[in-house]
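For reference, the structure is listed below as structure tokens.
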Amino acid sequence: MERTMKKSPKIPSSQVTSESVFFMKRRELLKVLGVGAAGLAVASTANAGLFSWFSDDQPAVPTVPRKELTFIQPQEYQSSSLVLTPEDKVIGYNNFYEFGLGKSDPAENAHTLKTDEWTLTIEGEVNRPLTLNLDDINTKFPLEERIYRMRCVEAWSMVIPWVGFPLAKLLALVEPTSKAKYVAFETRYAPEEMPGQKSRYIGGGLPYPYVEGLRLDEAMNPLTLLATGVYGKTLPNQNGAPIRLVVPWKYGFKGIKSIVKIHLTEQMPQSTWNLSAPSEYGFYANVNPNVDHPRWSQATERFIGAGGLGQVTRQPTLLFNGYGEQVASLYQGMDLRRYY
Ligand SMILES: Nc1nc2c(c(=O)[nH]1)N[C@H]1C(S)=C(S)[C@@H](COP(=O)(O)O)O[C@H]1N2
Ligand SMILES: [Mo]
């Protein structure tokens, strides 16, 4: 079989952290790394980069400027009934393991990712392979704002106003061949810019680059979005600049960030969380209140809204995250317990 994805050697699952368990405090982490209090002074010079990652007094975070976007607001994707998660939480509470495992790590650290030059290649089972540069990514497709629910497999959720374009429009340009059954995605691999790709302590021992996949019909569904912006501006790095996937009826880990490659294939592609813990994270990952994660219930979720820590809203999880009308037919006759 053709090998399309570059992968790190497989790490035994005993050494892999699972999405929600591994939250080491910086101090504990330094201990694990064998850096004692006395070692810190020395380490701070020798390992300035590493030390600044875990230092308790955070330096000022350089922010990458975000540009205002121009977009339409189709009525069907605006919602009067959904309460938006405030912008500071959408861009401050993230999962992006390439920059660390804590929820604030991506916002603090993702500025090291260079996004001023970028190429996105679409290849494989297509008649017209294509490489887009950053300008193409930002201007080739008319942008829409879409307010979507976002449900992380860790049982928290947000409502996010993305800006982007349907993946189907890009796929139409490259013309999938009759052999194309799946679409594989790959995040940029640049260990010098993404320290989690270099260190298991930072990146949780996942195989990198992060990869994901969809069935072709899922990829063609009108809800499936390539997002280039959020809250009216270009994406901050921590949310997956310059372009990331959004599949609102699936768990958040399907929404691969900072994509450089899209590869159409005949075979079901691999996906990072499935590779690291196959019994916990499936290929389909459809949001489903009736199929629990082996270690926690998926029946309810913690909505991240305007309130502080004391005002947590627990709400029922919705089948297909509330998008059943648009997507349930894709899974007709499939046992969703088996194909989790
Ligand atoms: N490359 C990459 N993409 C990723 C992740 C990651 O660690 N690396 N985390 C995923 C997970 S678990 C979630 S919940 C969403 C979070 O997206 P957000 O931070 O924009 O809310 O990104 C997904 N995409
Ligand atoms: Mo997630």
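The values are calculated or read from the model by the stated rules, or taken from the named source; none is laboratory data. Note that the structure is a prediction, hence the values are computed from the model and not measured. Neighbour counts are summed over all protein chains in view; Cβ atoms, including those assigned to glycine, are modelled from backbone coordinates with ideal geometry. The accessibility values were calculated without ligands, DNA or RNA, using every heavy atom of the protein model including side chains. Shrake-Rupley method; radii C 1.70, N 1.55, O 1.52, S 1.80 Å.
Miscellaneous remarks
- LEU216 being open to solvent by less than 10 Å² (accessible area, probe 1.4 Å), touching a residue at least 40 places away in the same chain (Cβ under 8 Å), more than 16 Å from ligand 1 (Cβ to nearest atom) and not aromatic (Phe, Trp, Tyr): no
- Enumeration of residues in the stretch 171-188 that are under 20 Å from THR119 (Cβ atoms), surrounded by 20 or more Cβ atoms within 10 Å (Cβ to Cβ) and not charged (D, E, K, R): LEU171, VAL183, ALA184, PHE185, THR187
- Qualifying positions in the stretch 162-190 - more than 14 Å from GLY124 (Cα to Cα), in contact with a Pro (Cβ under 8 Å, 6 or more places away or on another chain) and part of a helix (DSSP H, G or I): ALA168
- GLY232 vs. criteria more than 13 Å from ligand 1 (Cβ to nearest atom) and either touching a His at 6+ places or on another chain (Cβ under 8 Å) or closer than 26 Å to GLU117 by Cβ (or both): yes
- Among the numbered conditions (1) touching a Gly at 6+ places or on another chain (Cβ under 9 Å); (2) open to solvent by less than 10 Å² (accessible area, probe 1.4 Å), the only one that VAL211 does not meet is (1).
- Every residue from the stretch 226-249 that is part of a strand (DSSP E or B), more than 14 Å from PHE96 (Cβ to Cβ) and in contact with an Asp or Glu (Cβ under 8 Å, 6 or more places away or on another chain): LYS233
- Failed item in (1) surrounded by fewer than 16 Cβ atoms within 10 Å (Cβ to Cβ); (2) more than 17 Å from TRP249 (Cα to Cα); (3) away from ligand 1 (no atom under 16 Å from the Cβ), with ASN138 passing the rest: (1)
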